[in-house]
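Report on the structure given below.
The values are calculated or read from the model by the stated rules, or taken from the named source; none is laboratory data. Computed from a prediction, not measured in an experiment: that's the story for all the values here. For neighbour counting, all protein chains shown are included, and Cβ atoms are generated from backbone atoms with ideal geometry for every residue, glycine included.
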DNA sequence: AAAACACTAAACCAATCGGTTGACAATCAC
DNA sequence: GTGATTGTCAACCGATTGGTTTAGTGTTTT
């Protein structure tokens, strides 16, 4: 079961040639572009609308959009003189899956943390008990 | 219990200012570095061990590792003259969560696809039926 | 003490990145 | 047609990236 999932993820890792994952992660590594994506979450936007919030030239914003398009994260539909952009979530799903491969590591880590905290609680409780009734049950210590 | 865990992760997302997400995604945007991470999945590795598979100078690989370290994805423990590296999955969890925000978009997309396929099947089944018994139920066509 | 080892630091290089400006192309509105 | 609007393209700029090489630091081995 989990083996199948891992294989699937592994295949994704291999099949989608690494270079395209490079491109997707690189597209996501810029805050402006991530904000644009989140704006596209709310619906289609023209290039001008996407560019408007930013203190940069339209040409610069247009380049950002082209990067997103190149990563397959955005599709553009030209309507007359305006270009309508929409979110294309496929590559995001791929990246999410890629990261999902590492999920067991952080969950393991959190599990370990939880275990430590529990042990710590138990130790402190035991300490409190020995403080209250000293030398009553000298078994589990150290 | 689980609420505590989520808050912790959520704090990560908020506390980690966008610039740090920039850094994490940038670190992930290079195939060499991603391979190094996957190698660290199998256990601790020295810098030399991590560098060995690649056709580049040790100094170049060392720089890659420093990028991973800067992103918080790797922690280094200096033992004598060797540096032991281990995977630090926290930032990966953050990135995974960040992408998870967009999950509904690709699942919606897949749902829509599934619906279309189902409709298509139904249409084809109907076609087959009208082929077998022509002019039997001339209701739902076009 | 000397030599080998594991690794970083620094200087350098070509390529890319994110931004600019100015010119251009296409469309809409009058 | 004229003029505004929407957007790209091309050239340029400084900063960063990924790589190199050479030198240097500290540790282990002998």
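Here is a check on your reading of the model: is residue A:115 away from DNA strand C (no atom under 16 Å from the Cβ), over 24 Å from residue A:43 (Cα atoms) and surrounded by 12 or more Cβ atoms within 10 Å (Cβ to Cβ)? So residue A:115 fails the test. Quick check on region A:84-101. Is at least one of its residues within 12 Å of DNA strand D (Cβ to nearest atom) and more than 13 Å from chain B (Cβ to nearest Cβ)? Looking for residues that are within 12 Å of DNA strand D (Cβ to nearest atom) and more than 13 Å from chain B (Cβ to nearest Cβ), one finds at least one in region A:84-101, hence yes.
What's the number of the condition residue A:13 fails, among (1) buried (at least 16 other Cβ atoms within 10 Å of the Cβ); (2) modelled with pLDDT of 95 or more? Residue A:13 satisfies every listed condition except (2). For region A:17-43, a residue qualifies if it is outside any helix (DSSP H, G or I) and at pLDDT below 95, and exactly one does: A:17. When restricted to residues that are within 10 Å of DNA strand D (Cβ to nearest atom) and either surrounded by 12 or more Cβ atoms within 10 Å (Cβ to Cβ) or within 13 Å of chain A (Cβ to nearest Cβ) (or both), region B:64-81 contains 4. Contact map, region B:78-96: first residue touching a residue at least 60 places away in the same chain (Cβ under 8 Å), second residue within 12 Å of DNA strand D (Cβ to nearest atom) and not in a helix (DSSP H, G or I), Cβ cut-off under 9 Å, separation 6 or more or different chains; pairs are B:91/B:71.
When residue B:28 is tested against (1) within 20 Å of residue A:106 (Cβ to Cβ); (2) more than 16 Å from the chain's Cα centre (by Cα), just one condition goes unmet, and that condition is (2).
Name the pairs whose Cβ atoms lie under 8 Å apart, with the first residue in region B:39-54 and more than 14 Å from every other protein chain (Cβ to nearest Cβ), the second more than 16 Å from DNA strand D (Cβ to nearest atom) and modelled with pLDDT of 95 or more, and 6 or more positions between them or separate chains? From residues that are more than 14 Å from every other protein chain (Cβ to nearest Cβ), the pairs are B:45/B:85; B:46/B:85; B:47/B:85; B:50/B:40; B:50/B:85.
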